[in-house]
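S.K.: This structure is in structure tokens; I'll ask about it shortly.
Here, each number is a calculation from the coordinates, and none is a lab measurement. From a predicted model like this one, the values you see are computed outputs, not experimental measurements. Please note: Cβ atoms are built from the backbone with ideal geometry, for glycine as well, and neighbour counts cover all protein chains shown.
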């Protein structure tokens, strides 16, 4: 698999060994001409199975600063069947995905680039990360999914707004 770092240099980009970890792990890796990655799971806990949900690699694009009032949620694919005669409800557990609706502040000098980028990403699965800094890591603000809709609002002389709605994928 082509990726952006030689195997020999990979450990220097990972700040620590990850123990039991149940969330998204985003590791910035410098781009090289040709690289390989190797993911190895070492199970130190008996009875626990190590696994990887998604492995996604690609280019990082900055869109803008996420604003307060980001809405994160869940879209459920569980089935709910109500008996029309007795009213009893049968619930059948299904999968679910994250949803994210976030407002971003963008620079007007980036308005055309961001419009073109978001239009190009229509129908392409991506990882969207709406945490502004690395010290806060709200897991619901990291979504593997697609752009459901976006709106750019030319607000002022220097900055504009972008509303971005993301639907997660299984």
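S.K.: Under 12 Å from a point 7 Å along the Cα-to-Cβ line of residue 65: which residues of segment 98-139 have their amide N that close?
M.R.: Taking a point 7 Å out along Cα→Cβ of residue 65, the residues of segment 98-139 whose backbone N falls under 12 Å are 104-107, 132-133.
S.K.: Which number comes out as Rg/Rh for segment 61-168 once both Rg and the Kirkwood Rh are worked out on C-alpha atoms? Mind dumping the intermediate values first?
M.R.: Details: Rg = 17.7 Å, Rh = 15.6 Å.
That ratio equals 1.13.
S.K.: Arrange the following residues from fewest to most other Cβ atoms within 10 Å of their Cβ: 52, 57.
M.R.: Working: 52 8, 57 14.
Ascending Cβ contact count within 10 Å gives the list 52, 57.
S.K.: Return 80, 113 ranked ascending by Cβ neighbour count within 10 Å, so the fewest neighbours appear first. Write out the running numbers ahead of the final one.
M.R.: Numbers: 80 10, 113 13.
Least crowded to most crowded, the residues run 80, 113.
S.K.: Grab the beta carbon distance between residue 57 and residue 119, set R0 = 25 Å, and tell me the FRET efficiency rounded to 0.05.
M.R.: Numbers: r = 23 Å, r/R0 = 0.91.
Here the calculated transfer efficiency is 0.65.
S.K.: Also: Mind sorting 164, 91 by how few other Cβ atoms lie within 10 Å of their own Cβ, fewest first? Please report the intermediate quantities before stating the final value.
M.R.: Numbers: 164 23, 91 9.
Arranged by neighbour count, lowest to highest, 164, 91 become 91, 164.
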